[in-house]
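A.B. asks: Once you've had a glance at the structure underneath, I'll fire off some questions.
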Amino acid sequence: MSTALVHDGAAVLGRHLRRVRNAPALTVMTQTMPIVMLLFFGYVFGSALALPGDEYRARLVPGLLVATAAGGLMTGMFQAAQDAHRGVTDRFRTMPVSRAAVPLGQALADLVTCAVGTVPLVLVGLAMGWRIEGTAVEAAVAFGLLLLFRFAATWVGILLGLASKSEEAAGQLASVTFVLPLLSNAYIPTENLPGWLRTLAEWNPISAVTTAARYLFGNAPVPADGAWPVTHPVTAALLWSLALIAVAAPLAVRRHSRG
């Protein structure tokens, strides 16, 4: 990694962190929404499922942590589209700045914001009865996978934001991404879904990361049957994240460089 990339990436990282600080309303909304969903799904929606309340909440918290990580797709898209269509990206292109540093700085800033924002969600989950039953090492691996998946999702969002035709188009596409966790095992079990829908849900990267988090936190065993990603969740979660980064990051850097 070149010195210019590190120096310029750190500068862009600082810019985006200041951007988050200067937009407290957006920060509060993105941080409180997962908590509101946890309370709603845990106490209202959860009562309609066959699983006992405490057992469902133990499965729900890891699912919401993964859904929050997947939210990097939305935030990455919003911020990249704003910069691209308000002239900020063009100004960066005229400066002697490493081309990779600009999207990298945004992705790292989003990662820091997500890591800080995860703490309140974990604390509320603990207050609701969720517990980390696995070892400290397993829990650390689980949080590491969550952050890696957030990093991957943000790169995909940056690529889509740079490719968007307008801020409005990016906003419309970002709103559609809210459906992705619903088409996974983050909120409900997939065992009783119709065959084709179950296959679709279990090959959703969110399902692999969710199953891995539940297993590593000690909240649920690895399923005995199902699609390969949910029967080998830790490996699948790692492969999904690395594959998304390997594809999206170079394309995002190229898109940023060429305009």
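The values are calculated or read from the model by the stated rules, or taken from the named source; none is laboratory data. The shown structure was predicted, so the numbers you read here are calculated from the model rather than taken from an experiment. Methodologically, a virtual Cβ is constructed for each residue, glycine included, from the backbone with ideal geometry; neighbour enumeration extends over all protein chains shown.
Table: residues versus (1) acidic (Asp, Glu); (2) assigned to a helix (DSSP H, G or I); (3) more than 23 Å from Ala58 (Cβ to Cβ).
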residue: Tyr215; (1), (2), (3): no, yes, no
residue: Val222; (1), (2), (3): no, no, no
residue: Ala236; (1), (2), (3): no, yes, no
residue: Ala248; (1), (2), (3): no, yes, yes
residue: Leu251; (1), (2), (3): no, yes, yes
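A.B. asks: Show the residue pairs meeting these rules: Cβ distance below 6 Å; 6+ apart or different chains; first residue within segment 147-176 and within 18 Å of Val102 (Cβ to Cβ); second residue acidic (Asp, Glu) and assigned to a helix (DSSP H, G or I).
C.D. replies: Thr154/Asp110
A.B. asks: Please specify each residue of segment 115-129 satisfying the condition of being in contact with a helix residue (DSSP H, G or I) (Cβ under 8 Å, 6 or more places away or on another chain), surrounded by fewer than 23 Cβ atoms within 10 Å (Cβ to Cβ) and closer than 27 Å to Thr235 by Cα.
C.D. replies: Ala115, Gly117, Thr118, Leu121, Val122
A.B. asks: State which residue pairs qualify: first residue modelled with pLDDT under 85 and inside segment 80-108, second residue crowded, with 16+ Cβ neighbours inside 10 Å and among the aromatic types (Phe, Trp, Tyr) in any location, beta carbons under 9 Å apart, and separation of 6 or more residues or different chains.
C.D. replies: Listed pairs, sorted by first residue: Arg99/Phe92.
A.B. asks: Which of (1) farther than 25 Å from Ile158 by Cα; (2) modelled with pLDDT of 75 or more; (3) surrounded by 14 or more Cβ atoms within 10 Å (Cβ to Cβ) does Phe45 not meet, given it meets every other one?
C.D. replies: Just one mismatch for Phe45, condition (2).
A.B. asks: Moving on to the next point. Regarding Ala208, is this residue surrounded by 16 or more Cβ atoms within 10 Å (Cβ to Cβ) and touching a helix residue (DSSP H, G or I) at 6+ places or on another chain (Cβ under 9 Å)?
C.D. replies: Judged against the criteria, Ala208 is a match.
A.B. asks: Looking at segment 216-259, which of the residues that are in contact (Cβ under 8 Å) with a residue 60 or more places away in the chain and farther than 21 Å from Phe151 by Cα is surrounded by the fewest Cβ atoms within 10 Å (Cβ to Cβ)?
C.D. replies: Gly259
A.B. asks: Looking at segment 142-155, is at least one residue β-branched (Val, Ile, Thr), within 20 Å of Val247 (Cα to Cα) and either outside any loop (DSSP other than H, G, I, E, B) or in contact with a strand residue (DSSP E or B) (Cβ under 8 Å, 6 or more places away or on another chain) (or both)?
C.D. replies: Yes, there is a match, as at least one residue in segment 142-155 is β-branched (Val, Ile, Thr), within 20 Å of Val247 (Cα to Cα) and either outside any loop (DSSP other than H, G, I, E, B) or in contact with a strand residue (DSSP E or B) (Cβ under 8 Å, 6 or more places away or on another chain) (or both).
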